[in-house]
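The values are calculated or read from the model by the stated rules, or taken from the named source; none is laboratory data. As the structure is a computational prediction, the values presented were derived from the model and not from experiment. Don't worry about glycine lacking a Cβ; one is built from the backbone with ideal geometry, like all the others, and counts go over all protein chains shown.
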Amino acid sequence: MLLKKCKPVFALADGNNFYVSCERVFDPSLEGKPVVVLSNNDGIIIARSQEAKDLGIAMGTPAFRIKDWIESGKVTAFSSNYALYGDMSNRMMRIFADFTPAVEVYSIDEAFLDFRGMEVRDWKGLGKTIRQRVRRYIGIPVGIGFGPTKTLAKIANRIAKKLMREVGVAVVDTPGKIRRALELTPVEDVWGIGRRYARLLENQGVRTAADFVRLPDGWIRRHMTVQGLRIKRELQGEPVIALEEVVPPRKAIRTARTFVEDTADLDFIDEAIAHFTVRASQKLRAQGSFARYITVFLKTNRFRSSQPYRSLHYTVRLPYATDSAIVLVHYARLALRRIYDPAYAYKKAGILLSDLQDRSVRQLNLFEPPEDDRHRRLMETVDRLNRRYGADTLRLGVQGQSRAWQLKQMHRSPRYTTRWDEIPVIYAR
DNA sequence: TCTGGGGTCCTAGGACCC
DNA sequence: TCTGGGGTCCTAGGACCC
């Protein structure tokens, strides 16, 4: 096995059971007890405390399957409260940034820290210090893994949480420790290898990351594309995945929701689509982009056997790239009418804005109508007022009043750290 | 009764052009 | 029966991530 230099330079730090830990900060009596956080509409379990995991509650379990436990108080359940989690995340990231200027916020609950060029004699001690500081100031327990590549830092982090729970820090910094870490890691737990590849690899007799690294490059390239090859290099200690400190602008923006009940009501779906489009256009303007395409999609309930599953979508190439909610809603509604079939009841609907381009580099096409300056000013005003007086103070008429398609949230905790209308911006991919 | 949401990258294959 | 070669662009689909 080829192992190059293995001085750790990357750390992966993440909050343990992040959403659950956020809830516990505001109700410490939940420490040591089974706690879960539910998805939108209180549908499935998306976060579990260790005690909930120990009860055998799997990720993605439908909430109704543990309804008895929730009602009897054996398990405490929270509806997801992203305003709270986003705010706690920002605070945690700021602490990480005290230790190195090079931080990549990778998701709401984890960040890569780059210590290249810094003199660190005691990696484990550094990890412990970071951990203590986050615990003291934010109240969230974190796990930290150090390694010479991002993929190995991920593996070290997993070991810190699974096998060294008390310490919460693991350092992979010698060829021997890398080898041992790879042997301890099931191949499906390697960053970039999902269920499908894991099954394929299983058929080759590959069970651990150590087995994977022994596969010939040609086989990996053929079956797992260049991505697979990159994973192998990273596992061997050769950094090929760079730290991304600057969050690149999104290439697509999607807004979609599952309805509480299946519905064939076009007016209702129309309202929902208009609302999703307005939301997506806000995100679009927030990142300073224009969209060239809008896709509308409808899905029937795939768990219902009384009707066949249908997934419909229609994409409109807009006459010109725009960020105007008015223009986007207009085309979204046209697209909806192209796919809507009253013979079916729909469980989910959404829109996708794609082929996004930066506002400043928007190409002026001679054949495109010039952008309507009145829209621009109107949108700026709407965004400003909604930021100031609360989301949806100003809405388009088609967004309607019923709001019946909004989320079911039976167990949401208060927005402890933010005003009701403040949605913190989460800097994450 | 009840099953989330929002992203990225890579490749193959078709359309089209010279 | 034979029916070029090479390039680019676009899209759909499949894999992955949290």
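Listed values, structure above:
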| read-out | value |
| --- | --- |
| Condition check for A:Asp109: within 14 Å of DNA strand B (Cβ to nearest atom), of a type outside the set (Val, Ile, Thr), within 30 Å of A:Val240 (Cβ to Cβ) and in contact with a Ser or Thr (Cβ under 7 Å, 6 or more places away or on another chain) | yes |
| Pick from the range A:309-350, criterion in a loop (DSSP other than H, G, I, E, B) and modelled with pLDDT under 90, ranking: surrounded by the most Cβ atoms within 10 Å (Cβ to Cβ) | A:Arg310 |
| Boolean, A:Ala156 is away from DNA strand B (no atom under 16 Å from the Cβ), over 19 Å from the mean Cα position of the chain (by Cα), more than 14 Å from A:Lys232 (Cα to Cα) and not in a strand (DSSP E or B) | yes |
| Members of the range A:106-139 that are in contact with an Asp or Glu (Cβ under 9 Å, 6 or more places away or on another chain), not small (Gly, Ala, Ser) and not in a helix (DSSP H, G or I) | A:Tyr106, A:Asp109, A:Glu110, A:Phe112, A:Leu113, A:Asp114 |
| Meets criteria (of a type outside the set (Gly, Ala, Ser), crowded, with 17+ Cβ neighbours inside 10 Å and touching a Cys at 6+ places or on another chain (Cβ under 7 Å)) for A:Tyr106 | no |
| Candidates A:Gly237, A:Gly228, A:Gly205, filtered to the one that is within 11 Å of DNA strand B (Cβ to nearest atom), modelled with pLDDT of 95 or more, outside any strand (DSSP E or B) and of a type in the set (Gly, Ala, Ser) | A:Gly228 |
| Residue within the range A:70-86 that is within 21 Å of A:Gln409 (Cβ to Cβ), surrounded by 21 or more Cβ atoms within 10 Å (Cβ to Cβ) and more than 16 Å from DNA strand B (Cβ to nearest atom) present | yes |
| Selection from the range A:127-136 of residues that are of a type outside the set (S, T, N, Q) and farther than 20 Å from A:Leu30 by Cβ | A:Gly127, A:Lys128, A:Ile130, A:Arg131, A:Arg133 |
| Test for A:Asp262: is it of a type outside the set (Gly, Ala, Ser), more than 21 Å from the chain's Cα centre (by Cα) and away from DNA strand B (no atom under 14 Å from the Cβ) | no |
| Long-range neighbours under 8 Å by Cβ, at least six apart or interchain, first residue charged (D, E, K, R) and at pLDDT 95 or above within the range A:59-86, second part of a loop (DSSP other than H, G, I, E, B) and surrounded by 19 or more Cβ atoms within 10 Å (Cβ to Cβ) | A:Lys74/A:Pro34 |
| Residue list for the range A:325-335, restricted to those being away from DNA strand B (no atom under 16 Å from the Cβ) and touching a Leu at 6+ places or on another chain (Cβ under 8 Å) | A:Ile326, A:Val327, A:Val329, A:Tyr331 |
| Residues (more than 15 Å from DNA strand C (Cβ to nearest atom) and assigned to a loop (DSSP other than H, G, I, E, B)) located in the range A:249-265 | A:Pro249, A:Ala264, A:Asp265 |
| Residue ID - nearest to DNA strand C (Cβ to nearest atom), chosen from residues in the range A:266-294 that are among the basic types (Lys, Arg) and touching a strand residue (DSSP E or B) at 6+ places or on another chain (Cβ under 7 Å) | A:Arg292 |
| Subset of the range A:31-52 that is among the charged types (D, E, K, R) and either assigned to a loop (DSSP other than H, G, I, E, B) or away from DNA strand B (no atom under 16 Å from the Cβ) (or both) - its residue that is nearest to A:Arg165 (Cα to Cα) | A:Glu51 |
